[in-house]
Amino acid sequence: MIPAVMPTYSRAPLSFVSGEGSWLIEADGRRFLDLGGGIAVAALGHAHPALVAALTEQAGRLWHTSNLYRIPAQEQLAAALVEATFADTVFFTNSGAEAMEMAIKVARKFWHHNGAPERHRIVTFDGAFHGRTLGTISAAGGEKLTRGFGPLLPGFTHLAWGDHDALRAAAAHPETAAILIEPIQGEGGIRPLPQQCLTGLRALCDEHGLLLILDEIQCGMGRTGRLFAHEAAGVAPDIMAIAKGIGGGFPLGACLATESAAAGMTAGTHGSTYGGNPLACAVGSKVLEIVTAPGFLSQVAQRGDAMRAGLEALVARHPGVLSGVRGAGLMLGLGCVVPNTDMVEAGYAEGVLTVPGGDNVVRLLPPLTLTDADLAEGLDRLDRAATRCAARAA
Ligand SMILES: *Cc1c(COP(=O)(O)O)cnc(C)c1O
């Protein structure tokens, strides 16, 4: 008989009743160190007192009014995002996929608004992940996401990672509207786009008048030690989708854009019942305030360096299990020799949570507030997990 919850996930046999900082706790009291952060969502860990206070304070006053009216918390968060980024304007959503859908719509509408509606194609890349809606699976392409869900949405040009000739041809195509990319692929297996490639994509967009859309849903909000990953390359997009970390666990996403890119998005062109509701924005504002406070991001970068060094030592100790480390800040991928799911499961046995990713990688996306003591404990537990895998492989 089909389970009451539709069986679209292969879930681990674990369930948690509470959380505290970087730890998750089962009903019997067993504690797990959460180095997956709920897939890069719990940016400030679990039950952060300032977020609990922001949410409960708003919950006691007002939950929802709809976007028929002005929402001060939404205006405040939008202004803070505009202040902190390239963007001039922000649309709020409840998830990453919706933020990406909006990004696609903004790009298409831009060209319609500017008298070139034939420019509707968006260039995307192999290994990408942009969400699970029909639009975003069509954007990413890839058999694993799209199989059985056709017909897909037309208007995407899928390119192999690193195929420069195809990229130049696609950019010059008269129907191309935009280029869409994750500065660091998340689901694809923590595959960072080299900085010179991001600079090159910006230059290519400028040369052909195309919009550059970045998906920073996983790599943004401080995760790499910068507020947004693209800042490291010294270039800015025209449109950017964010989600995950911005809500710290409350469902919240946003599409950020320059004034020029958003020129077509006038009253009535897009909407969301819940998007940017007072509860979500109260939490989002507090997350952003904490992540942009002086010293926070440099500490993320330092912790990321320490975690990377610790992981590299593990790779050296377990060459039959682990193959290498990649990523930036606290978005790190541990390449595996054994199946990555073996390593993730061995972690469960040792009380440490990680996330499998594409390219046989184990993803580490811990709370940005991970303490030095928790990092040391996490590395010990991963070391024991790798030992288990080595014993199994022998
Ligand atoms: C998680 C993710 C999405 C989708 O976000 P949802 O909130 O699950 O819809 C899109 N793009 C990237 C890069 C992601 O990591």
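Can you pull out the residues in segment 290-301 that are over 18 Å from the mean Cα position of the chain (by Cα) and within 18 Å of Val41 (Cβ to Cβ)?
Within segment 290-301, Ile290, Phe296 qualify.
If we scan segment 191-212, do we find a residue that is away from the ligand (no atom under 16 Å from the Cβ), buried (at least 24 other Cβ atoms within 10 Å of the Cβ) and of a type in the set (Gly, Ala, Ser)?
Checked segment 191-212: no residue is away from the ligand (no atom under 16 Å from the Cβ), buried (at least 24 other Cβ atoms within 10 Å of the Cβ) and of a type in the set (Gly, Ala, Ser).
For Ala79, indicate whether it is farther than 17 Å from Tyr274 by Cβ and either crowded, with 22+ Cβ neighbours inside 10 Å or not assigned by TED's automatic domain parsing to the domain that holds Glu259 (or both).
no
So which residues in segment 117-144 are of a type outside the set (A, V, I, L, M, F, W, C) and more than 12 Å from the ligand (Cβ to nearest atom), if there are any at all?
Those that are of a type outside the set (A, V, I, L, M, F, W, C) and more than 12 Å from the ligand (Cβ to nearest atom): Pro117, Glu118, Arg119, His120, Arg121, Asp126, Ser138, Gly141, Gly142, Glu143, Lys144.
Across segment 100-116, which residue is farthest from the ligand (Cβ to nearest atom) among those that are surrounded by 15 or more Cβ atoms within 10 Å (Cβ to Cβ) and small (Gly, Ala, Ser)?
Taking the candidates together, the pick is Ala107.
Which pairs turn up if I take residues in segment 14-25 that are among the aliphatic types (A, V, I, L, M) and look for partners that are buried (at least 19 other Cβ atoms within 10 Å of the Cβ) with beta carbon separation below 6 Å, at least 6 apart in sequence or on another chain?
Here the result reads Leu24/Phe32; Leu24/Asp34, each pair linking segment 14-25 to a residue that is buried (at least 19 other Cβ atoms within 10 Å of the Cβ).
Testing Ala107 on (1) free of Cβ contacts under 8 Å to residues at least 24 places away in the same chain; (2) farther than 25 Å from Thr341 by Cα, one condition comes back false. Which one is that?
The one condition Ala107 does not meet is (1).
From the list Ala177, Ala169, which residue is away from the ligand (no atom under 15 Å from the Cβ), in a strand (DSSP E or B) and either under 20 Å from Ile239 (Cα atoms) or modelled with pLDDT of 95 or more (or both)?
Ala177
Among the residues of segment 238-251, are any of a type in the set (Phe, Trp, Tyr), assigned to a loop (DSSP other than H, G, I, E, B) and modelled with pLDDT of 95 or more? It would help to see each step written out before you state the result.
Taking segment 238-251 first, the residues of a type in the set (Phe, Trp, Tyr) are 250.
Checking which are assigned to a loop (DSSP other than H, G, I, E, B) leaves us with none.
The answer is no; no qualifying residue exists.
The values are calculated or read from the model by the stated rules, or taken from the named source; none is laboratory data. It should be emphasised that the depicted structure is a prediction, and the values quoted were computed from it without experimental measurement. A quick note on method: Cβ atoms are made from the backbone with ideal geometry, for glycine too, and the neighbour counts reach across all protein chains shown.
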